[in-house]
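Reviewing the structure listed below.
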Amino acid sequence: MTEYDYEELGLVAGLEIHQQLDTATKLFCNCPTELREPEESTRRFTRYLHPTKSELGEIDDAALEESQVEREFEYLAYDTTCLVEEDDEPPRELDEEALEVALEIAQLLDMTPVDQAHVMRKIVVDGSNTTGFQRTTKIADEGEISTEEGPVGIEDLMLEEESAQRVAETEAGVRYSLDRLGIPLVEIGTKPDISTPEQARDAAERIGMLLRSTGSVKRGLGTIRQDVNISIADGARVELKGVQSLDDIDDIVRNEVRRQARLLEIRDELEARDAEVGDVQDVSAVFADTDSGVIRGALDDGGSAEHSSADTSSGDEPRGKVTAVPLYGFDGLVGAEIQPDRRLGTELSDHAKRHGAGGIFHTDELPAYGVSEEEVTALREAVGADENDAVAIVAAAEGVAESAIEAAAERAETAIHGVPEETRGANQDATSNYLRPLPGAARMYPETDVPPVEPDVTTVEEPELLTEKVERYQAEFDLGEGLAKQVAYGRNMPLFEQAVEDGVDPTLAAGTLESTVTELRRDDVPVEALEDGHFLAVFDLVEDGELAREGVPELLTALAESPDADAAELAEEKGLGSAAEEEVREAVVEVVERNAEQVSEEGMAAFSGLMGECMGALRGKADGDLVSELLREEIQKRA
């Protein structure tokens, strides 16, 4: 990957971190914040959403484009779903627990809380909220964090409701699950102070550490998302949404810088060629006898099932069509790579897909896909394109083919002028694809169903940072640096602190919650079935001398497989009760006598091999330190 001089390019970037809070109930109702499986759904309902005007009578561009694709939204409801989530009842007041956590986060970010927090509606018509908008409220502003390359300002901290979870694409639209809708979420926006990919990652890691320091945020895939706003000099502000992993942020920034730099190079070349975009035309006749399976299918069947928005109002079967747009002066540039495995043609295709098409073909890649050289020549002639020009085509149901090629043509027109402002989606390979235009101020308006609140910071205590916990665990509990960091940054940190507070040996608690659980997971033990109560019960048995430490893995395995069982009863059933010293000595003597010849010849050198045999004979019923002590005594007697 080409590494640019980011200062010379004028890179400016900012972050938006979205983090779910681990509260008991949702932000505007009393429903639980636990995720459910789609199979647990008890009923379904459908909605169609349309954009509304702001208080000034304006419609947001992003919402308007989203609404141009007619889709049905299906929602999975559960036995815990309430009328608020279905938008059949007004929302409750802002959740107090969520507000308190948000204020804790504000303190950690050195932010100033607002005097009065007003809930706003943010228009969202992609189906991710049954209401057609997302409720959000500003809690604090003007903060700062430190990074190795300098401070990064924090613009604002918003408390808002999480969107519904996208489950599947359907023939009519999209299916969502309502279990996630309404989970409290904080959105942290930085100022555009970030100037390198490394600083972007550093800032995200710092914010993530501060969030986890509260002990009140959800953990796991999808519970935290990073959006990155990026621009370079002569480029444009682009919002990259949905970066799932911190490890991807620096590569996301690098690839977007490369994309904008390449688009500017393409712009300069197009200007030098006096490039322009021609008129959209119907070229179906060119492909009347085509051997291309994709085009043939579109002409014969009116496109595939994904093109269900075709015009069928007359009652006839949807008709297929091939539409084209000549791109004068674009030859060789539509196929120019602007990101790894993504080209300018991919950008045109992204826009066409928004209107139901499967994508586009263009002459920089043809003949291919069953399209012949003769058809390419005829296509050029039909639209008046010569060897210096390119042609893009869409084959789909009639209505789709027309709107999709128009969208591709508009994106080609934009390429002549440079980099468009837009919202893009982050891909797993750290590239991105077009989603929609950047939203504007017209998408926000006041929420009249929820009264404003006055945040009270006097009762909010600033939590201990994870970095400080690591140092404390080393000093107070004598944990090694590695284990201390594992525990402090791990999702079981609150359980560890509870166990230690209850009198459990810190080394036992830390080793079990981190190392032992990891080993059991690798052995395919269903550790996700283990709850806090299981661990605390096992720790109590060890502390009471009823279970040896060596029996902990076996008992946790048994509890994971039978989570409703009682830990003490299961330990007894499995024969895991802690053996008395005399019983342990008898087992050790038996092992030593069985290996008398080896002990006589090797003396204490036989210890390691016999230790394993003793532990196996006792099956976790004795503490390793006791077994070691008694084994050494017996070997010395016979040496």
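The values are calculated or read from the model by the stated rules, or taken from the named source; none is laboratory data. Keep in mind that what you see is a predicted model, and the values were worked out from it rather than measured. Heads up, the Cβs are rebuilt from the backbone with ideal geometry, glycines too, and the neighbour counts pull from every protein chain shown. Ligands, DNA and RNA are stripped out before the accessible areas are found, and what is left, the full protein with its side chains, is counted by its heavy atoms. Shrake-Rupley method; radii C 1.70, N 1.55, O 1.52, S 1.80 Å.
Restricted to strands (runs of 3 or more DSSP E) entirely inside segment 360-437, those with at least 1 residues that are touching a Pro at 6+ places or on another chain (Cβ under 7 Å) and of a type in the set (Asp, Glu) are 422-426. Before we move on, is residue 180 touching a residue at least 12 places away in the same chain (Cβ under 8 Å), within 30 Å of residue 42 (Cβ to Cβ), more than 23 Å from the chain's Cα centre (by Cα) and open to solvent by 30 Å² or more (accessible area, probe 1.4 Å)? Judged against the criteria, residue 180 is not a match.
Scanning segment 405-437 for residues that are under 20 Å from residue 391 (Cα atoms), open to solvent by 10 Å² or more (accessible area, probe 1.4 Å) and not aliphatic (A, V, I, L, M) yields 406, 410, 413, 414, 417.
For the structure I just gave you, tell me whether residue 477 is of a type in the set (A, V, I, L, M, F, W, C), at negative phi, surrounded by fewer than 19 Cβ atoms within 10 Å (Cβ to Cβ) and in contact with a helix residue (DSSP H, G or I) (Cβ under 8 Å, 6 or more places away or on another chain). Can you show your working first?
Details: of a type in the set (A, V, I, L, M, F, W, C): yes; at negative phi: yes; surrounded by fewer than 19 Cβ atoms within 10 Å (Cβ to Cβ): yes; in contact with a helix residue (DSSP H, G or I) (Cβ under 8 Å, 6 or more places away or on another chain): yes.
Answer is yes for this residue.
Summed over segment 366-393, residues that are free of Cβ contacts under 8 Å to residues at least 60 places away in the same chain and touching a Leu at 6+ places or on another chain (Cβ under 7 Å) total 1.
The rows are residues; the columns are (1) within 19 Å of residue 18 (Cα to Cα); (2) in contact with a Pro (Cβ under 7 Å, 6 or more places away or on another chain).
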| position | (1), (2) |
| --- | --- |
| 118 | no, yes |
| 132 | no, no |
| 153 | yes, no |
| 169 | no, no |
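Scanning segment 7-52 for residues that are part of a strand (DSSP E or B), over 26 Å from residue 72 (Cα atoms) and open to solvent by 50 Å² or more (accessible area, probe 1.4 Å) returns 12, 32.
Please enumerate the residues belonging to segment 481-518 that are among the small types (Gly, Ala, Ser) and open to solvent by less than 10 Å² (accessible area, probe 1.4 Å). Once the filter is applied, which keeps residues that are among the small types (Gly, Ala, Ser) and open to solvent by less than 10 Å² (accessible area, probe 1.4 Å), segment 481-518 yields 484, 488, 499, 509, 510. For segment 207-214, state whether one or more residues are within 30 Å of residue 116 (Cα to Cα), part of a loop (DSSP other than H, G, I, E, B) and touching a residue at least 60 places away in the same chain (Cβ under 8 Å). Scanning segment 207-214, I find at least one residue that is within 30 Å of residue 116 (Cα to Cα), part of a loop (DSSP other than H, G, I, E, B) and touching a residue at least 60 places away in the same chain (Cβ under 8 Å), so the answer is yes.
Kindly indicate which of 600, 608, 628 is open to solvent by less than 30 Å² (accessible area, probe 1.4 Å), out of contact with any helix residue (DSSP H, G or I) (no Cβ under 6 Å at 6 or more places or on another chain), farther than 19 Å from residue 513 by Cβ and assigned to a helix (DSSP H, G or I).
Details: 600 fails: open to solvent by less than 30 Å² (accessible area, probe 1.4 Å); 608 fails: open to solvent by less than 30 Å² (accessible area, probe 1.4 Å).
One residue alone meets the criteria, 628.
Among the helices (runs of 4 or more DSSP H) confined to segment 477-547, the ones with at least 2 residues that are in contact with a Gly (Cβ under 7 Å, 6 or more places away or on another chain) are located at 493-501. If you filter segment 298-344 down to residues that are in a helix (DSSP H, G or I) and touching a strand residue (DSSP E or B) at 6+ places or on another chain (Cβ under 8 Å), you find that the one that is modelled with the highest pLDDT is 344.
One residue stands out among those in segment 535-591 that are at pLDDT 90 or above and of a type in the set (Ser, Thr, Tyr): the one that is least open to solvent (accessible area, probe 1.4 Å), which is 557. Can residue 385 be described as at pLDDT 95 or above, buried (at least 16 other Cβ atoms within 10 Å of the Cβ), within 23 Å of residue 292 (Cα to Cα) and within 37 Å of the chain's Cα centre (by Cα)? For residue 385, the condition - at pLDDT 95 or above, buried (at least 16 other Cβ atoms within 10 Å of the Cβ), within 23 Å of residue 292 (Cα to Cα) and within 37 Å of the chain's Cα centre (by Cα) - is not met.
Looking only at segment 191-206, filter to residues that are open to solvent by 10 Å² or more (accessible area, probe 1.4 Å) and outside any loop (DSSP other than H, G, I, E, B); which one of those is farthest from residue 23 (Cα to Cα)?
Initial filter on segment 191-206 (open to solvent by 10 Å² or more (accessible area, probe 1.4 Å)): 191-193, 195-196, 198, 201-202, 205-206.
Now drop any that are not outside any loop (DSSP other than H, G, I, E, B), which leaves 198, 201-202, 205-206.
Numbers: 198: 33, 201: 27, 202: 27, 205: 23, 206: 22 Å.
For segment 191-206, the residue satisfying everything is 198.
Once segment 75-94 is narrowed to residues that are touching a Pro at 6+ places or on another chain (Cβ under 8 Å) and assigned to a loop (DSSP other than H, G, I, E, B), the residue that is most open to solvent (accessible area, probe 1.4 Å) is 93.
Within 18 Å of residue 25 (Cα to Cα) and of a type in the set (Ser, Thr, Tyr), is that true of residue 196? Criteria not met by residue 196. For segment 97-141, residues that are in contact (Cβ under 8 Å) with a residue 60 or more places away in the chain and at positive phi total 2.
Within segment 347-359, restricting attention to residues that are part of a loop (DSSP other than H, G, I, E, B) and touching a residue at least 60 places away in the same chain (Cβ under 8 Å), the residue that is farthest from residue 297 (Cα to Cα) is 354.
Would you mind finding the one in 137, 112 that is open to solvent by less than 40 Å² (accessible area, probe 1.4 Å), over 22 Å from the mean Cα position of the chain (by Cα) and more than 30 Å from residue 232 (Cα to Cα)?
Values: 112 fails: open to solvent by less than 40 Å² (accessible area, probe 1.4 Å).
Selected residue: 137, the only one of 137, 112 that is open to solvent by less than 40 Å² (accessible area, probe 1.4 Å), over 22 Å from the mean Cα position of the chain (by Cα) and more than 30 Å from residue 232 (Cα to Cα).
Applying the set (1) among the aliphatic types (A, V, I, L, M); (2) open to solvent by less than 20 Å² (accessible area, probe 1.4 Å); (3) at pLDDT below 95; (4) farther than 28 Å from residue 256 by Cβ to residue 172 leaves exactly one unmet item: (2). The single residue among 228, 217, 167, 253 that is farther than 13 Å from residue 15 by Cβ and surrounded by 17 or more Cβ atoms within 10 Å (Cβ to Cβ) turns out to be 217.
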